[in-house]
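So the structure is just underneath, and the comments pick up after that.
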Amino acid sequence: MTGAVLAKARSAFSIVCTILLGAVVVVVAARPASAAFICDQTNLNGGFEVCIDYDPQGYRAGYKTNLQVRGDWMDFNLRCDSGAVFGTYGAFLANKSSQWYTYVFKVGSQGRCHVTLYDRSTGGQTDSPSVTR
């Protein structure tokens, strides 16, 4: 393979990996400015808060770690009073202290729902408060 072809292949691979990782979870250093999260305290993975908010496309899940984060694999699910349950594209590694991890469930209005956060490393789980959309 020539150098130019190899460089293009690496670039394409990098873009695909970035897109795939970006689809699963977004990490931000501070609470998203547009978010008005409703939260409950949690101690999963040394965590701090599990949250839910409205989003134009559905519902936004949020998880805030604290300084003692262990680096467990966490997983958001959206559970609605109607019985509907929505998952993500899989668990994410929450290994950064004092970080927000968020995910948008693009499911439109499903009525009253809450986020269940699973710690796939330990088997623990906790819920956010509910919101009605």
Of the residues in the range 36-57 that are part of a loop (DSSP other than H, G, I, E, B) and surrounded by fewer than 19 Cβ atoms within 10 Å (Cβ to Cβ), the one that is modelled with the lowest pLDDT is Asn43
In the set Leu117, Leu67, Leu78, the lone residue that is aliphatic (A, V, I, L, M) and over 13 Å from Leu44 (Cα atoms) is Leu78
Within the range 75-119, of all residues that are modelled with pLDDT of 95 or more and charged (D, E, K, R), the one nearest to Tyr63 (Cα to Cα) is Asp75
**OP:** Would you be able to say whether some residue in the range 82-97 is under 14 Å from Thr42 (Cα atoms), within 16 Å of the chain's Cα centre (by Cα) and of a type in the set (Phe, Trp, Tyr)?
**Re:** no
If you go through Leu78, Leu93, the only one that is without any contact (Cβ under 8 Å) to a residue 60 or more places away in the chain, buried (at least 21 other Cβ atoms within 10 Å of the Cβ) and assigned to a strand (DSSP E or B) is Leu78
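Across the range 81-90, which residue is surrounded by the most Cβ atoms within 10 Å (Cβ to Cβ) among those that are in contact with an Asp or Glu (Cβ under 9 Å, 6 or more places away or on another chain) and within 14 Å of Val115 (Cα to Cα)? Reasoning before the result, please.
Taking the range 81-90 and keeping what is in contact with an Asp or Glu (Cβ under 9 Å, 6 or more places away or on another chain), we get 87-88, 90.
When the remaining residues are screened for being within 14 Å of Val115 (Cα to Cα), the result is 87-88.
Working: Gly87: 12, Thr88: 18.
The selected residue is Thr88.
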Within the range 98-119, the residues that are surrounded by fewer than 16 Cβ atoms within 10 Å (Cβ to Cβ) and over 13 Å from the mean Cα position of the chain (by Cα) are Ser98, Gly108, Ser109, Gly111, Arg112
| query | In this structure, does Lys64 turn out to be part of a loop (DSSP other than H, G, I, E, B), among the basic types (Lys, Arg), surrounded by 13 or more Cβ atoms within 10 Å (Cβ to Cβ) and in contact with a strand residue (DSSP E or B) (Cβ under 7 Å, 6 or more places away or on another chain)? | reply | no
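The values are calculated or read from the model by the stated rules, or taken from the named source; none is laboratory data. The model shown is predicted, which means the values in this text are computed figures rather than measured ones. Cβ: placed from backbone, ideal geometry, glycine included. Neighbour counts: every protein chain shown.
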